[in-house]
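**Student:** There's a structure below that I have some questions on.
The values are calculated or read from the model by the stated rules, or taken from the named source; none is laboratory data. The shown structure was predicted, so the numbers you read here are calculated from the model rather than taken from an experiment. As a convention, Cβ positions derive from the backbone with ideal geometry for all residues, glycine included, and neighbour counts pool all protein chains shown. Side chains are part of the model used for accessible areas, which takes the heavy atoms of the whole protein and leaves out ligands, DNA and RNA. Shrake-Rupley method; radii C 1.70, N 1.55, O 1.52, S 1.80 Å.
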Amino acid sequence: AHPGVVKVLAAGTLPDGRAYLAMEKLPGTTLAQRLGDGALPLRQAIGLFEQLCEAVAAMHAAGLVHRDLKPENVMLVEGGGTLHAVLLDFGIAKAMVDGVVTLTETGQVRGTPAYMAPERFFGSPASVATDVYELTVTLFAMVAGRLPWDDTADPDVRLNPARLAETVEVPAALDEEVARALSTRAANRPTDVLALRDRVH
């Protein structure tokens, strides 16, 4: 029921055994499509990011980890003359126990590699900390118009993301907070997405 989360209208299994989710159809464009035109103005990016943090926090409060936060999974809906961010795609969202989720039955790591937290590449389960990381990569893309790395497959590159201030002019405090939230060590990141929101504000 959170305004920043797409409404799931129905869920079930088709006659052939495939699972389905029926969600509301939203007017607007995805954040990924908007970023195809370049970076967002800083103030707008921070405003949309705060909305996303609150939506993800609502998921976490309900016991779910998204596991695939990225611009393609964010819809920008216009209302009242402003844009509102709505979180989409719960195809791989999963319930968590004690803040983490188990791997899939086959042990596969699910998600989008370009945005995935580094610990997930080494088999660690998704957690609040990994959603914090993916949200921060999304913020970086909104502000800089690009990802914090040029090669999403090279481990050395992925473990050494570019600083936001190296790619675009931002306040030093914001650069520090983004770098902290992109730490390769999950324990060094903000404890939850609302703490991340408050640090970036």
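**Student:** I need the full set of residues from the range 1-22 which are in a loop (DSSP other than H, G, I, E, B), out of contact with any helix residue (DSSP H, G or I) (no Cβ under 9 Å at 6 or more places or on another chain) and open to solvent by less than 90 Å² (accessible area, probe 1.4 Å), in order please.
**Tutor:** The answer is VAL6, LEU14, GLY17.
**Student:** Quick test of your reading of the structure: ASP98 fulfils all but one of (1) on the phi > 0 side of the Ramachandran plot; (2) among the charged types (D, E, K, R); (3) at pLDDT 70 or above. Name the failing condition by number.
**Tutor:** ASP98 satisfies every listed condition except (3).
**Student:** Name the residue that is nearest to LEU83 (Cα to Cα), counting only residues in the range 1-37 that are over 19 Å from the mean Cα position of the chain (by Cα) and among the hydroxyl-bearing types (Ser, Thr, Tyr).
**Tutor:** TYR20
**Student:** Is it true that some residue in the range 103-111 is polar (S, T, N, Q) and at pLDDT 95 or above?
**Tutor:** no
**Student:** Right, another one. On the basis of being open to solvent by less than 30 Å² (accessible area, probe 1.4 Å), over 26 Å from ALA19 (Cβ atoms), out of contact with any strand residue (DSSP E or B) (no Cβ under 6 Å at 6 or more places or on another chain) and at pLDDT 80 or above, does MET116 make the cut?
**Tutor:** Answer is no for this residue.
**Student:** On to the next question. Considering the range 175-198 alone, what residues qualify as being polar (S, T, N, Q) and more than 14 Å from PRO161 (Cβ to Cβ)?
**Tutor:** Residue satisfying the conditions is THR191 alone.
Okay, residues lined up against (1) in contact (Cβ under 8 Å) with a residue 12 or more places away in the chain; (2) in contact with a strand residue (DSSP E or B) (Cβ under 8 Å, 6 or more places away or on another chain); (3) open to solvent by 10 Å² or more (accessible area, probe 1.4 Å); (4) more than 24 Å from HIS60 (Cβ to Cβ):
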{"residue": "VAL128", "(1), (2), (3), (4)": "yes, yes, yes, no"}
{"residue": "ALA144", "(1), (2), (3), (4)": "yes, no, yes, yes"}
{"residue": "ASP151", "(1), (2), (3), (4)": "no, no, yes, yes"}
{"residue": "ASP154", "(1), (2), (3), (4)": "no, no, yes, yes"}
{"residue": "VAL157", "(1), (2), (3), (4)": "no, no, yes, yes"}
{"residue": "ASN160", "(1), (2), (3), (4)": "no, no, yes, yes"}
{"residue": "ALA165", "(1), (2), (3), (4)": "no, no, yes, yes"}
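**Student:** Starting from the range 176-193, take each residue that is touching a residue at least 60 places away in the same chain (Cβ under 8 Å) and list its partners that are outside any helix (DSSP H, G or I) and surrounded by fewer than 22 Cβ atoms within 10 Å (Cβ to Cβ), counting only C-beta distances under 9 angstrom and pairs at least six apart or across chains.
**Tutor:** Cβ pairs passing all conditions: THR184/LEU159; THR184/ASN160; THR184/PRO161; ALA186/SER124; ALA186/SER127; ARG189/SER183.
**Student:** Going through the range 27-70 one residue at a time, which ones are open to solvent by 20 Å² or more (accessible area, probe 1.4 Å), touching a Leu at 6+ places or on another chain (Cβ under 8 Å) and part of a loop (DSSP other than H, G, I, E, B)?
**Tutor:** Hit for the range 27-70 is GLY28, nothing else.
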